[in-house]
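Shown next, in structure tokens, is the structure this report addresses.
Nothing in this text is a laboratory measurement; each read-out follows from the coordinates by a stated rule. Since this is a predicted model, take the numbers as computed values, not measurements. Cβ sites come from the backbone with ideal geometry, for glycine too, and all protein chains shown count toward neighbours.
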Amino acid sequence: MIRTQVTLRVNGDDREVWVRNDRTLLDVLHDDLGMPDVRYGCAEGVCGTCTVLMDGEPVSACTLYAVQAEAHEIVTLHGWSDPRREPHPLQTCFLERGAAQCGFCTAGMLLTAATMAERDPDAGREEIRHELVGNLCRCTGYQAIVDAVEDYLHADGGDA
Amino acid sequence: MTMRQDLPPPADRDPARIFEYQRAETWADAVELLGIWDDEAKILAGGQSLVPMLNLRLTYPGALIDVNPIPAAEPRVEDGRLVIDANTRHRAVAAAPAVRAHAPMLAHAVSFVGNVRVRNRGTFGGSLAHADPTAEIAAVALATGGDIVVLGPGGERTIPVDDFFVTYLTTALEPGDVVTGARLRTAENARWGFHEVVRRYSDFATVSVSALARPTGGRPDLRLVLGGVADRPVVVDRELLGPALDAPGDPVRARESAEAIAASLDPATDLHATAGYRRRLVAVHTRRLLQRVLGDEGGAA
Amino acid sequence: MTIVEPTEAFDPDAESGPQEREKDFRVVGRSPAHHDFVNKVRGTLLYAADWSLPGMIHGRLVRADRASARIAGIDTTAAERLEGVVCVLTAEDVPYNAIVEHASGGLGEVIVEQPVLAADRVRYVGEPVAIVAAADPETAAEAADLVEVAYEPLPGVFSAEDALKPDAPRVHDESQDNVLINWRFVRGDVDAAFADADVVIENTYRSQHVDHAYLETEAGVGWIENDVVTLRVSTQVIEHAAEVAAILGLPQSQVRVIASYMGGGFGGKEDMTVEPYIALLVSRTRRPVRMIWSRQESIQASTKRHPFTMRYRTAATKDGVITGIEADIIGDAGAYPTLSARVLFAGGALSIGPYRVPAVRVRSRAVFTNNVPSSAFRGFGAMQVTFPYESQMDALAKELGMGREEVRDLNHIEKGDLTAAGEPVTTAVLVRETRERALEMLGEPSRPGGPGKVVGRGFASGMQPYGRSIWFRDQAAAWVTLQADGTLLIRSGVTDLGAGQAASLCQIASEILGVPLADISVYIGDTALTPPAGGTFATRQLYMSGNAILRAARKLRDRLAPVAAKELGVPEDALVWADGMVRAASGETGISLPELVRAAGTARVDTSVLNTFHARSGVFDPEAGQGHTFPDYTFGTHAAEVEVDTDTGDVRVLKYAACHDVGRAINPVRVQGQIIGAAAQGLGYALTEDCAAEDGQPMSSLFADYLIPTAMDLPDISVAFLESGEGRGPLNARGIGEPPIGPPAATVASAIEDAIGVRPQALPITPERVLDLLEGGRS
């Protein structure tokens, strides 16, 4: 079986992996690098559970091949907010609002919302919903998630 | 673990089907690689349609030629045309000042392409070359008018956007050709409207209607494009627009045009709508858009 | 929230209510973010697919690509030749190739064995035919494609109504008429009621196949540990370990099932999914095995919600009083029994809704077809019938020129009134109160957004059981241990869907024992190490395991109280258990929990309690169609305002409100989350979701084509809950997981009818269907 060596920059570290050309970034992150915060949901780019940041913008790890990700900066939820440290204020808003039930969509929701918050700190409820449209959630009806993002954006002194 | 002698032999196929991965640093590279791989290779642009198809084992290219390393310049106006490089991501198209100024309908419509991740990866050229008959960018490019810029074994040439979309997922590209960009007519002070019907927000359009009316001395030069009603985006025959153009903003005449347009179509029935319902959607949304774009209610819709 | 004074006649499961000294809640009624929830937000929770073991191989199913065919042969040689393939298993490799469900509890259903792997015949598209294991998932997928199955076509039947026709192809030889079970609910003189009726309303309502579409597809990992086949899977029911053992031909002592926290379940992980396949591969290869169903497999072949065809006749006086209901409910069970007998039981039992009906004749049948098997899905039959029973109420109001609320007020049940099965409802019925609240929350009416658009409002009430059918004699155990350092260990066989099943146990134990939540650890869902709690379904876990933990915690408290009282020199009933301390009520003296544990050790008092809670039990007589059905019900009402585009039939939900009586809210944020989440799922069911198929062949298995609502498709949902203080759950809570999914479809239909004057009777209510109503239905 022919494999290619690629060096991926993930959460600030260089990681070397040997991959088949058809191995997606999702499978490398989840299975080869052992990252549970990037999850398989559909392999169609539809659901958002495998959302990661590539060069600062959310992408579907299931629609990228690992061989394509060389020389790009990949950040997963744990790179954005290290679980060994205090939660990001957006995570605190999620906790306060009950914005996760089963939790399977949560990593993707957070990364998508966090990117929007940086770009558009004045986003209203409708813009938040528009931005999150590609992150499907089957438990919450989205409302608590939108509430949490709104709280974060509109918090006094929030370091958005 | 059964084995029966009377079975047909296993299908004749190579089990270890893993594509070769080739990076193109320039469009000339891409053309050269396509030549080397003959018909076996596919261009990998944003990958938002192609990679899911590969993930689901629906297609087996011998090689993928990754054109993502090829840089895209900021959209700009050159020689009176809006130039957009093929590798411009949807997000960049939507945000580009030149697009907002000279193709406001495109900037608007691109925000409805897929979701934020699709817009971060998907490219302008990739969408054009994919030629999905429901795609927003194809429809708007057609309504806007201009040329698709193509590089092939024989060098660079242009294909009028009117001639570009041939049928379902098929364009006028020859084997060995790649789309390197487009040179679109600028909107000037055209009035425009774009509407797409989706069963669910952000999905591919069941039907889309794009209208662009350029002012002239007399009747405006109106182009109306329908998506989701045929094997490719369709430019509506000017004659059918006659009644609406005769009495701009008149609801009765707009309806007359819209219903004639709907009746002229032979759309398909699929999971999300029947042919009859698609015709209905065309009639309603075309009428509404014609009234808005031709009427006095403001320029953009 | 609104506190409603309990009515005097309430006689709860005496010990479920708060004791006098427990009435001043400290933890219950608040919404702390619990351990699993923090892990989810930090991205550290390990779901079923996140487990990895050395040498692990990957399983993949070969599934039938046709709905009804005889298997002429299977050729696995090409697959086995592929580099990296470990093995390919077919039916003859399965020691005992049958999943046997006695889903009705043995009350008269046809017994049909579902094969683990189809042997001689396939009965639905997606039915497992072979299993492949390989070194990596890509190779497993390639190998699965290389397994050649030769089929000979057989006739198939693709709707329940067709399956009932005399000449219909038989799906199973065991059933001559394709009927799995035929439930009856009969009381009163129905013929007389219809003969004497001033008005009779007759309509037929239809619902569709719906997918659970949890974000985490079916997945798990298995390995052998201590000679035991061990599975860690995403499941609602670890008790399937017994079935796995039977399939492997092993004693139950050699199969262990561990449940991971699920990435959603909604009933779709109530039947076995990956378990038998992983177990077979583990057993065969002796290596760790992972299997993840692809999204497309899940859409194509996982169980679905039953489509129901529901013919209703309602008899009433000219004053609007209902005198009789006759209903014929047909559920499409698909190709195998799964839980269809129970789903159709619930559909029949709840078919008259929260209304007083003196004469009832209901038939509820589960029918085999060559469609994908239908089984459990949040609402479980009781939700499908909400659409017809509420539509009939609106139709009656319209027929008599009465108000929709007025006609309901004449007919809704009160405590003590009878269900279709003739059993009195024993707790508060706040149908009217929830309705008033829901309608009030809609606020001022909206104006249509443009020409051709009309706005309408509607509402629907519903009742949904919580707890299993009571003839199952349900029970659940919970085990609490106060440890030397004063921390509390909870062990329970409960599985966690994401609704806070484990966290609720902690909250209740914390309330009773005063152990801070941060000092409680909870271990769940392990057939080897946690006491059996039954699965998480039927909105039963707060009721069952909640009562078990309440009683376990109280027993522990009451056992330790004499020790604390002696140490502190105060009477036992003067002790306050809070903040990790036991104090005298006067506040002057106290003892920390570690000190109490030490004192208990000295006094030889055990600090561990294992308690089993037994639910009420009863008997249902299927011949008479009368008897005991469910422990209790949760009532509620939803209201909506919609805008309809009369040119296109497009429906937009402008406002939505929901109100339920939850008895008592243990965790208000979670209660609200359940109500909004279920309403959202219900709106998808009402408007967009449909697993459309042609002759049993799905028209698409793409997630892109299965239209669950996105963040832009839903309005903000206003929620209120009432706390009647009556309910059979712990501290008088009622279950809330399923109840809010019942009303949305009827609510939206009611609002659409208000807007356009015609009632949708088929789901989902697509724009096309609305347009048909507008153009054909106008009188």
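Placing unit charges on each Cβ (+1 for Lys and Arg, -1 for Asp and Glu) gives the stretch C:384-537 a dipole about its Cα centre, and among C:Gly486, C:Ala499, C:Ala395 the Cα reaching farthest toward its positive end belongs to C:Ala395.
Working from Cα pairs under 8 Å separated by at least six residues, relative contact order for chain B is 14 percent.
In peptide A:64-77, how many Cβ atoms from other protein chains are near each Cβ within 10 Å, on average? Write down the numbers at each step before the final one.
Details: counts 7, 8, 1, 4, 10, 0, 1, 1, 1, 0, 0, 0, 1, 4.
Partner-chain Cβ atoms within 10 Å, mean over residues of A:64-77: 3.
The distance between label points at C:Ala14 and B:Arg238 comes to 9.2 nm (points 7 Å beyond Cα on the Cα→Cβ vector).
Computed from the mean reciprocal separation of all distinct C-alpha pairs, what Kirkwood hydrodynamic radius does the stretch C:234-350 have, in Å?
Over the stretch C:234-350, the inverse of the mean reciprocal pair distance is 17.5 Å.
Going by average Cβ neighbours within 10 Å, how do the peptides C:624-635, C:674-685 rank, with the highest at the top? Working shown, then result.
Values: C:624-635: 23.1, C:674-685: 27.7.
Highest-to-lowest ranking by the protection proxy: C:674-685, C:624-635.
When the Cα positions of C:Ala241, C:Ala553, C:Gln475 are compared along the charge dipole of chain C, C:Ala553 comes out farthest toward the positive end, with charges on each C-beta of Lys, Arg, Asp and Glu. Here's the picture: a label point sits 7 Å out from the Cα of C:Asp621 along the beta-carbon direction, and within the stretch C:102-121 the residues with their amide nitrogen under 17 Å of it are C:107-108.
Ignoring everything except DSSP H segments at least 4 long, calculate the 222 nm mean residue ellipticity for chain A; use -39,500 (n - 2.57) per segment, divide by total residues, nearest 500.
Working: 5 runs with 46 residues, N = 160.
Using -39500 (n - 2.57) per qualifying helix, the result is -8000 deg cm²/dmol.
Inter-chain Cβ neighbour count for B:108-121, averaged per residue, equals 6 (cutoff 10 Å, partner chain atoms only).
Take each peptide in B:32-40, C:431-439, count the other Cβ atoms within 10 Å of every residue, and average; sorted highest first, the result is C:431-439, B:32-40. Scalar couplings 3J(HN,Hα) for the stretch C:452-461, obtained by applying the Karplus form with A = 6.51, B = -1.76, C = 1.60 to θ = phi - 60°, are x, 10, 10, 10, x, 10, x, 8, 8, 9 Hz; x denotes Gly and Pro.
Packing around the peptides B:257-266, A:127-136, taken as the average count of other Cβ atoms within 10 Å per residue, puts them in this order, highest first: A:127-136, B:257-266.
Percent relative contact order of the stretch C:592-690, based on C-alpha pairs within less than 8 angstrom and at least six residues apart? Value for the stretch C:592-690: 15 percent.
Among DSSP beta bridges whose residues both lie in the stretch C:173-293, state the antiparallel percentage, nearest 5. The partial results should precede the final answer.
Values: 10 of 15 bridges.
Antiparallel bridges: around 65 percent, rounded to the nearest 5.
Exposure proxy for C:Thr710, A:Thr115: other Cβ atoms within 10 Å of each Cβ, ordered fewest to most, give A:Thr115, C:Thr710.
Projecting the Cα atoms of C:Gln254, C:Leu702, C:Thr637 onto the charge dipole of the protein assembly as shown (Cβ charges, centred on the Cα centre) puts C:Thr637 farthest toward the positive pole. Residues whose amide H comes within less than 5 Å of that of C:Met699, counting only those at least five positions distant or on another chain, are C:Ala692, C:Ala693, C:Glu694 (H built at 1.01 Å from N in the peptide plane).
For chain A, the longest principal axis of the alpha carbon atoms and the long axis of helix A:143-154 meet at an angle near 80°.
Can you name the helices of chain C, as whole DSSP H runs, whose Cα span along the helix axis is 30 Å or more and whose Kyte-Doolittle mean is not below -1.0?
On the way: long enough: C:541-568 (37 Å, -0.13).
Result, helices passing both filters: C:541-568.
Here chain C carries DSSP beta bridges of which approximately 75% are antiparallel, counting only pairs with both residues inside. Rounded to the nearest 0.05, the FRET efficiency derived from the C-beta distance between C:Arg286 and A:Asp122 at R0 = 56 Å is 0.40.
Which shape class applies to chain B: rounded if a/c is under 1.5, otherwise prolate when a/b exceeds b/c and oblate if not, where a ≥ b ≥ c are the square roots of the Cα gyration tensor eigenvalues?
Values: a/c = 2.36, a/b = 1.48, b/c = 1.60.
Judged from the Cα gyration tensor, chain B comes out oblate (a/c at least 1.5, b/c at or above a/b).
The lysine pair tally for chain C, using Cα distances under 23 Å and a gap of 8 or more places or different chains, is 7.
What is the mean number of Cβ atoms from other protein chains located within 10 Å of the Cβ atom of each residue in peptide A:47-60, rounded to a whole number? Please list the in-between numbers first.
Numbers: counts 7, 5, 4, 1, 3, 1, 1, 3, 1, 1, 7, 6, 8, 10.
Taking the mean over all residues of the peptide, I get 4.
Here the sum of -39500 (n - 2.57) over DSSP H runs of 4 or more residues, divided by the residues of chain C, equals -8000 deg cm²/dmol at 222 nm, to the nearest 500.
Each residue of the stretch C:628-634 was assigned a 3J(HN,Hα) from its phi angle through the Karplus curve 6.51 cos²θ - 1.76 cosθ + 1.60 (θ = phi - 60°); the sequence is 7, 10, 10, x, 5, 9, 10 Hz, with glycine and proline shown as x. Which whole-Hz ³J(HN,Hα) couplings does the stretch C:73-81 yield from phi under the Karplus relation 6.51 cos²θ - 1.76 cosθ + 1.60, θ = phi - 60°, glycine and proline marked x? Running phi through 6.51 cos²θ - 1.76 cosθ + 1.60 with θ = phi - 60° gives x, 10, 10, 9, 5, 4, 5, 5, 6 Hz. In this simple spin-label approximation, C:Ser586 and C:Glu152 carry label points 7 Å from Cα along the Cα→Cβ vector, and these lie 9.2 nm apart. For the stretch C:727-765, backbone nitrogen atoms closer than 12 Å to the point 7 Å from C:Ala692 Cα along Cα-to-C-beta are found at C:764.
Taking amide H positions as modeled 1.01 Å from N, with prolines and chain starts lacking one, the residues under 5 Å from A:Thr24 and 5 or more places away or on another chain are A:Ala66. Quick one: if you stick a label point 7 Å off each Cα along the C-beta vector at C:Leu529 and A:His154, how many nm between them? A separation of 4.5 nm, rounded to one decimal place.
Taking amide hydrogens as placed 1.01 Å from N in the peptide plane, the amide H of C:Thr419 sits under 5 Å from those of C:Val425, each at least 5 positions away in sequence or on another chain.
One chain, two ends: C:Lys398 and C:Ala72. Fully extended at 0.36 nm per residue, the span grows by 111.6 nm beyond their Cα-Cα distance. Between C:Val605 and C:Asp198, take the C-beta separation as r, use R0 = 51 Å, and let me know the FRET efficiency to the nearest 0.05. With R0 = 51 Å, the Cβ-Cβ based efficiency is 0.15.
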